[in-house]
Each structure stands twice: as structure tokens, then as C-alpha cells.
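What follows is a single structure, written as C-alpha cells, with notes after it.
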Amino acid sequence: MAPVTENGPYDYDLIVIGGGSAGLACAKEAVACGARVVCLDYVKPTPLGTKWGVGGTCVNVGCIPKKLMHQASLLGEAVHEAAAYGWNVNEKIKPDWNKLVSSVQNHIKSVNWVTRVDLRDKKVEYINGLGSFLDPHTMTIKMKSGDRKITSQTFVIAVGGRPRYPDIPGAVEYGITSDDLFSLNREPGKTLVVGAGYIGLECAGFLKGLGYEPTVMVRSIVLRGFDQQMAGLVADSMEERGIPFLYQYVPLSVEKLSSGKLLVKYEHSQSGEVRSDTFDTVLWAIGRKGLVDDLNLANAGVHTFKDKIQVDSYEATNVPNIYAVGDIIYGKPELTPVAVLAGRLLARRLYGESTQRMDYTDVATTVFTPLEYACVGLSEEDAVKEFGADEIEVFHGYYKPTEFFIPQKSVRHCYLKAVAERHGEQRVYGLHYLGPVAGEVIQGFAAALKSGLTIKTLMNTVGIHPTTAEEFTRLNITKRSGLDPTPASCCS
Ligand SMILES: Cc1cc2nc3c(=O)[nH]c(=O)nc-3n(C[C@H](O)[C@H](O)[C@H](O)COP(=O)(O)OP(=O)(O)OC[C@H]3O[C@@H](n4cnc5c(N)ncnc54)[C@H](O)[C@@H]3O)c2cc1C
């Protein structure tokens, strides 16, 4: 038992382990509610030696650098389009990778700095150290200055995850992950992106836009967990832009040649056919692993499940004083706004008056591929699974963004659909949109869907013309009708 201090038997009311989106939100809110809190954060360097500051994945190696590189790639595309719109773009444009990386890293450092200042202003104690449990109320923290033991009444585990490496020769020595890409000190060049989840596709997308040559290797399906019709269209739109997809292949080994190039051997998972090719970079995007190992959870009695922690609807683990939020919890959307809101609500329930629980349903999200895909609610297949095909109506349509005409951009994959109840009120279960600024389009519709949006309301909503978001108000063709969903007219 820890000695009794002026703060009770424990050093703190709350120790938050992890200074990412979930942990910081939880720690700040708990302090605002009057709790005595310390937040620990520690980043182990990647095998390549990449490391970063406070703020977690989103700020340092996730959403933020990814969106900036996506924007860089969209700008390159826009410059080419500008010529069609009458701009004199005389010089042959090309990107400067090192300049991009340094701009992105400068922004990240400024966010790290603001985060530290914010923690200080909000009186959240922050320790740069790796926490592991000694018992359900005690942690050791490994710090540069040595180890320290601290006790707390309550713990919130918000340690997030890190990219996985495949268990094949050369994977760790020669491959990189998204943890390294945004600060890579050389041009990526011809890149093999292994994995077709959203991170793999986004990275391949911006690398292509920046003028490199990505190839995507897909073990089974593209964008697992997303609507598969939309996933197929995303992949097709990327192939149309010249990104090859190697379907049903798995990597076997990576070797470094004397030229410095990486020789990758890979195998077709059904036929067993083995092929090889050389690349400048191999990027593993095969999934992420929850960071449970360093926590010594067995000492606290916390159960783990597939590198994650299972929690109940109060984010409580199987140990009464230990909670978990963010990417480390099993079976919930791994997204920053989810982590932030869940962390904040948990702190309010623990130290405020609130009883409000996190609602993990109908969370909108965007895949920032060159043609973006955003969605909220159920995929078509999940709606069919839940309600049966006879009870679902899918309204869909292709559309032509006005701004695509002059530069003659492909409109082949600009498509959207509403998955709805077939009878009665025709409640909307899911909205899916593939096209420009997808996140901006879907965010508002997400609020509508959460408020019980019906097809009738959608049809009675007057669109904003000419936008792509208005296409949701023009949806009138059902899949069941078999009618052609390609648009004939623009303004009538
Ligand atoms: C490439 C990429 C792109 C992404 N894009 C998006 C996007 O566009 N939109 C979106 O919403 N989400 C996106 N995400 C997901 C988003 O980044 C995560 O959902 C979010 O960061 C999860 O927050 P978290 O607090 O749970 O974990 P993290 O942000 O990972 O924070 C956990 C922190 O805890 C530290 N830690 C771990 N173990 C210990 C320990 N024992 N002691 C002390 N500290 C420890 C970790 O080093 C880390 O700093 C992206 C992720 C990646 C990788």
C-alpha cells in the first residue's frame, strides 16, 4: 500500500497512460473536473530510428501529416488543371520531397509545442516516460532520468497502436511503415505498398500524386470493413490514375541489392506463383498492433484480447479501477474524433456529474485517396445482413462535378448512394460518397443521419447548386429498379 499523502492514499486520482488523442482529452477534462492527474507518454523509435513528440499518432504520424501530403498531391493535380482554366503554367512543375517533409515536420513540431503549452496552462502534469503496472494501483515509469514509482486511485489506458511488420526475411531491416514515411529523408521513389486498408491506399494515392510510382499489394480485399462496392470503385479510380494493384499476392522476402534497390519476392496466395520485382521503398501497411506488451497488464490483472483491451459500455476493463479508451480498445472505430470524445466523456463520468456514455455507432469517416471516399452509417452489405435484402432500398447515382469538365477530369467513379429502409419512413441507414472533398460533404449529413434522416427529408432538402453534396438531394434511382444511374442532365 502506498503511503498516505495529503492527497489520500495515492499520489494521484488518475494516471492516464498515453498522450495521444484519447489520453490528452481524458487528462485535460479530468483536471477541469478537479481531479489530480498525470499523463504519461513515451514513443519507442521505429526500427529506422524515427521518433516524435507528444500528441500521439494523429498529430505526429497519422491524420495530420497524411492530410498534408494528400493536400500536396491534390495541389499538384490542381496546377495541371489550372492550365485548362486559363492560367499560364509555363514551367514543368515537380515536387520537392525534402521541402514537403520539412514543411510537414515543422507544422508537427509547432503542434507538439502548442500541446505542451496547453497541458501546462490546463495544469495537467505530463511525464515523458514509459509506464508499466506493478499492481492495480502502482506503476513504474521508465524515464531518461531513471525509474520512478507512482500510485493512483484510477488508471486510464490510452496507449494506442503501432504498425505491424510481416514475419518475413528483410521486413524490419529494409521496410518502412507510416511511422517513417512522413519524415523520410529521401525520396520514396518506386514504392511497394503492402496492404489495402485505408492507410495503404492513402499513402499510395499521395505518392502517385507526388510523381512517384506506387504499387499496391492486396492479400485479400480492399478496404476491409467498408462498403465493398465503394471500396471497388476507390480501387478502380486509383488504377485509372496509373496505380497498379497486385491482387491476391503476399510478400515472401525483401533483400537489399548492391545497387541499394530492394528486391521483393512475392507469391500468389492461390496459385502459388512466385514473382519478384525491385523497388526503392517497401511500405508495410498491413494493420496495427495494440501497445499492450510494455504495460505488464498481468500485474494489474487486466485481460487482453488480440493485442487489445475489451471494455464495457463505460470503457471499464475487468479490473474495477482501470479503464481504456482510444485505439487500444477492441472492436471500436480507430479514429481520432472517437478517441477524443470517448476520453472526454469518460473523464466527465469519473470526475464530473455526467452519466453520458460514448455512442460508437454512425461515426462518419473519410478515406483520403486521390478521389476521396466518405461514409456514415451502415454499408450496403451490413444493412442487408441486419435487415434482409428485401427490407433495404439503395438509392444511387453517378454524377459529374461541374469543376471536372474544363480540365476533362474523369468522372467515371464519381458515385454516391443512400442505403435506406425500404418501407415506411424510409429511414436512412448509411450514406456513401466518392468524389471531391468527401469529408466536408459527409460531415453535415452525418448529423442528419444521427437525427433520424429519412429519404423523404433528403428529397425535400433543397440542394446548393452547383455542388457535389447536392447530389444527395437528387438521388431518385433505386438499385432495385435497374434503371441507369448515370446522369443525363446537369441543371434541370
Ligand atoms: C497513417 C494514419 C492515418 C490516420 N488518419 C486518420 C484520419 O484521417 N482520421 C482519423 O480520425 N484518424 C486517423 N488515424 C487514426 C488516429 O491517428 C488514431 O485513431 C488516434 O491517434 C488514436 O488515438 P489514441 O489516443 O488512442 O492513440 P495514440 O494517438 O496512438 O496515442 C497513444 C500514445 O501512447 C503512447 N504509449 C504507448 N504505450 C505507452 C506506455 N506504456 N507508456 C507511456 N506512453 C505509451 C504512444 O507512444 C502514443 O504516443 C490515422 C492513423 C494513421 C496511422
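Just checking: which of the helices (runs of 4 or more DSSP H) contained wholly in segment 177-263 hold 3 or more residues that are under 16 Å from Y373 (Cβ atoms) and either at pLDDT 95 or above or of a type in the set (F, W, Y) (or both)? Steps first, please.
Numbers: elements: 178-181, 198-209, 228-240.
Those helices (runs of 4 or more DSSP H) span 198-209, 228-240.
Whether any residue in segment 277-285 is among the acidic types (D, E) and without any contact (Cβ under 8 Å) to a residue 40 or more places away in the chain is what I want to check. Steps first, answer last, please.
Residues of segment 277-285 among the acidic types (D, E): 277, 280.
Subset that is without any contact (Cβ under 8 Å) to a residue 40 or more places away in the chain: none.
Scanning segment 277-285, I find no residue that is among the acidic types (D, E) and without any contact (Cβ under 8 Å) to a residue 40 or more places away in the chain, so the answer is no.
Within segment 93-116, does at least one residue satisfy the condition of being outside the structural domain of T278 (by the TED database) and over 27 Å from the mean Cα position of the chain (by Cα)?
yes
Take the residues in segment 455-473 that are among the charged types (D, E, K, R) and either surrounded by 16 or more Cβ atoms within 10 Å (Cβ to Cβ) or over 22 Å from A488 (Cβ atoms) (or both); name whichever of them is nearest to the chain's Cα centre (by Cα). Even if it seems obvious, please write down each step before you answer.
Start the filter on segment 455-473 by keeping residues that are among the charged types (D, E, K, R), which leaves 456, 470-471.
Keeping just the survivors that are either surrounded by 16 or more Cβ atoms within 10 Å (Cβ to Cβ) or over 22 Å from A488 (Cβ atoms) (or both) gives 456, 471.
Values: K456: 32, E471: 26 Å.
Within segment 455-473, the match that is nearest to the chain's Cα centre (by Cα) is E471.
Could you please find all residues in segment 350-385 being in contact with a Phe, Trp or Tyr (Cβ under 9 Å, 6 or more places away or on another chain) and aromatic (F, W, Y)?
F368, Y373
Within segment 441-454, count every residue that is surrounded by 14 or more Cβ atoms within 10 Å (Cβ to Cβ) and either without any contact (Cβ under 8 Å) to a residue 60 or more places away in the chain or more than 29 Å from the chain's Cα centre (by Cα) (or both).
Summing the residues that are surrounded by 14 or more Cβ atoms within 10 Å (Cβ to Cβ) and either without any contact (Cβ under 8 Å) to a residue 60 or more places away in the chain or more than 29 Å from the chain's Cα centre (by Cα) (or both) in segment 441-454 gives 3.
Are there any strands (runs of 3 or more DSSP E) wholly within segment 348-400 with 2 or more residues that are out of contact with any His (no Cβ under 6 Å at 6 or more places or on another chain) and more than 30 Å from A324 (Cβ to Cβ), and if so which?
On the way: elements: 365-367, 372-377, 392-398.
So the answer is 392-398.
Conditions (1) of a type in the set (V, I, T); (2) within 10 Å of the ligand (Cβ to nearest atom); (3) assigned to a loop (DSSP other than H, G, I, E, B); (4) at positive phi, marked per residue:
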| residue | (1), (2), (3), (4) |
| --- | --- |
| D13 | no, no, no, no |
| V16 | yes, yes, no, no |
| G23 | no, yes, no, no |
| A27 | no, no, no, no |
| C58 | no, yes, no, no |
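Just give me the residues in segment 141-170 being surrounded by 15 or more Cβ atoms within 10 Å (Cβ to Cβ) and within 22 Å of A30 (Cα to Cα), in sequence order.
Residues satisfying the conditions are I141, I150, T151, S152, Q153, T154, F155, V156, I157, A158, V159, G160.
Of all residues in segment 309-331 being of a type outside the set (G, A, S) and more than 21 Å from K28 (Cβ to Cβ), which is farthest from the ligand (Cβ to nearest atom)? Quick ask: steps written out before the conclusion?
To start, the set of residues in segment 309-331 that are of a type outside the set (G, A, S) comprises 309-312, 314-315, 317-323, 325, 327-330.
Remaining after also requiring more than 21 Å from K28 (Cβ to Cβ): 309-310, 312, 317-320, 330.
Working: I309: 11, Q310: 15, D312: 18, T317: 15, N318: 19, V319: 16, P320: 21, Y330: 12 Å.
Filtering first and then ranking leaves P320.
On the given criteria, is H70 part of a helix (DSSP H, G or I), in contact (Cβ under 8 Å) with a residue 40 or more places away in the chain and within 14 Å of the ligand (Cβ to nearest atom)?
Numbers: part of a helix (DSSP H, G or I): yes; in contact (Cβ under 8 Å) with a residue 40 or more places away in the chain: yes; within 14 Å of the ligand (Cβ to nearest atom): yes.
Yes, satisfied.
The values are calculated or read from the model by the stated rules, or taken from the named source; none is laboratory data. The model shown is predicted, which means the values in this text are computed figures rather than measured ones. Ideal geometry is used to build each Cβ from the backbone, glycine not excepted, and the neighbour counts take in all protein chains shown.
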